[in-house]
1. Every residue in segment 172-188 that is farther than 15 Å from residue 135 by Cβ and part of a helix (DSSP H, G or I), please.
2. Taking the conditions exactly as written (modelled with pLDDT under 95 and surrounded by 21 or more Cβ atoms within 10 Å (Cβ to Cβ)), does residue 179 satisfy them or not?
3. Return the residues of segment 140-159 that are over 12 Å from the mean Cα position of the chain (by Cα) and either assigned to a loop (DSSP other than H, G, I, E, B) or closer than 22 Å to residue 187 by Cβ (or both); say none if nothing qualifies.
4. What is the number of the single condition among (1) in contact with a strand residue (DSSP E or B) (Cβ under 7 Å, 6 or more places away or on another chain); (2) under 25 Å from residue 130 (Cα atoms) that residue 78 does not meet?
5. Within segment 1-96, considering only helices (runs of 4 or more DSSP H) that don't extend past its boundaries, which have at least 1 residues that are in contact (Cβ under 8 Å) with a residue 12 or more places away in the chain and loosely packed, with under 13 Cβ neighbours inside 10 Å?
6. When you scan segment 50-65, how many residues do you find that are closer than 17 Å to residue 119 by Cβ and touching a strand residue (DSSP E or B) at 6+ places or on another chain (Cβ under 7 Å)?
7. Is it true that residue 155 is under 25 Å from residue 90 (Cβ atoms), exposed (fewer than 14 other Cβ atoms within 10 Å of the Cβ) and touching a residue at least 60 places away in the same chain (Cβ under 8 Å)?
């Protein structure tokens, strides 16, 4: 567990206000996506996965389900382009990052922030070096440096001979390295710039 943390005045208030308004405005979109997920394949609409938050605290991250039920039992927790576990609707949701929208609830709860390092699963956090563990000094984010820099992660993994090995030895640490830069620049202004850049990048990926 980490004891240190970085406090940015007004950040939590911005998270609560923005996520609450976004959930209300996006409610019709959320309902349409939920219906599409339900009709596309058997299973729950939402997928809950254990992730690591600030200080090493565990929480349940919410996503729209993009894989078949029990996908985590069929293969490791790494997914490259062409993964047969991903459903038809799931492919579209992943490409457009719409599967991440339920994390606005995580932001409202205080598990996450709108902007910050990417939240990882416990087995990957266990691979962090002592320096890399400093990303746990802030709340993880819905958007952030590594999320923006590695939007083509699935394609990168698909181009390797062993996606799991490449992720654990290389890509995981490249992502954390990008997120460590957030700790030196975190501020309301920086958060807004990153969030806007993420929204623009996602819009460009829309079909």
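The values are calculated or read from the model by the stated rules, or taken from the named source; none is laboratory data. Computed from a prediction, not measured in an experiment: that's the story for all the values here. Glycine also receives a Cβ, built like all others from the backbone with ideal geometry; neighbour counts cover every protein chain displayed.
1. 188
2. no
3. 149, 152, 159, listed by residue number.
4. Residue 78 satisfies all of (1) in contact with a strand residue (DSSP E or B) (Cβ under 7 Å, 6 or more places away or on another chain); (2) under 25 Å from residue 130 (Cα atoms) except (1).
5. 27-40, 88-96
6. Count: 11.
7. So residue 155 fits the description; yes.
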